[in-house]
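The values are calculated or read from the model by the stated rules, or taken from the named source; none is laboratory data. Predicted, not measured: the structure shown is a model, and the values here were computed from it. Counting neighbours? That spans all protein chains shown, and the Cβs are built from the backbone with ideal geometry, glycine included.
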């Protein structure tokens, strides 16, 4: 099973899996689900970390593309370049907080 399939199936089983602050894997879920998935996570840890890093990289690229689009839109609103950049970043942060932008992508 490829790493993304493992992550998706674990999520379907109620497991939350993400990169930890130290660059490892952080997984949470019910004891029963964790008992089932922990051996797989341990065995496939390196490829799972790489898959999660790629997912994070793709998210960053989407945010940057969105930021460039929003900045261009703000520039059309007669804002200065710096005002447009600041407004675009503020809006992106608000999207993350209020709309869970990561979950939508």
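The set of residues from the stretch 73-90 being at pLDDT below 75 and either closer than 21 Å to residue 62 by Cβ or not in a loop (DSSP other than H, G, I, E, B) (or both) comprises 73, 74, 75.
For the stretch 4-36, the set of residues classified as in contact (Cβ under 8 Å) with a residue 12 or more places away in the chain and part of a loop (DSSP other than H, G, I, E, B) consists of 13, 14, 15, 23, 24, 29, 30, listed by residue number. Would you check if residue 50 is on the phi < 0 side of the Ramachandran plot and either assigned to a helix (DSSP H, G or I) or touching a residue at least 40 places away in the same chain (Cβ under 8 Å) (or both)? For residue 50, the condition - on the phi < 0 side of the Ramachandran plot and either assigned to a helix (DSSP H, G or I) or touching a residue at least 40 places away in the same chain (Cβ under 8 Å) (or both) - is met.
Per-residue answers, yes or no, for (1) surrounded by 11 or more Cβ atoms within 10 Å (Cβ to Cβ); (2) modelled with pLDDT of 90 or more; (3) in contact with a strand residue (DSSP E or B) (Cβ under 9 Å, 6 or more places away or on another chain); (4) within 24 Å of residue 93 (Cβ to Cβ):
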site	(1), (2), (3), (4)
10	yes, yes, yes, no
44	yes, yes, no, no
56	yes, no, yes, yes
67	yes, no, no, yes
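Of all the numbered requirements in (1) surrounded by 16 or more Cβ atoms within 10 Å (Cβ to Cβ); (2) within 17 Å of residue 3 (Cα to Cα); (3) without any contact (Cβ under 8 Å) to a residue 40 or more places away in the chain, residue 39 misses one, and that requirement is (1).
Which residues, taken from the stretch 56-75, are in contact with a helix residue (DSSP H, G or I) (Cβ under 9 Å, 6 or more places away or on another chain) and free of Cβ contacts under 8 Å to residues at least 24 places away in the same chain? If the condition is that a residue be in contact with a helix residue (DSSP H, G or I) (Cβ under 9 Å, 6 or more places away or on another chain) and free of Cβ contacts under 8 Å to residues at least 24 places away in the same chain, then 68, 69, 70, 71, 72, 73, 74, 75 are the ones that fit.
Exactly one residue out of 17, 6 is surrounded by 13 or more Cβ atoms within 10 Å (Cβ to Cβ) and more than 14 Å from the chain's Cα centre (by Cα): that is 6.
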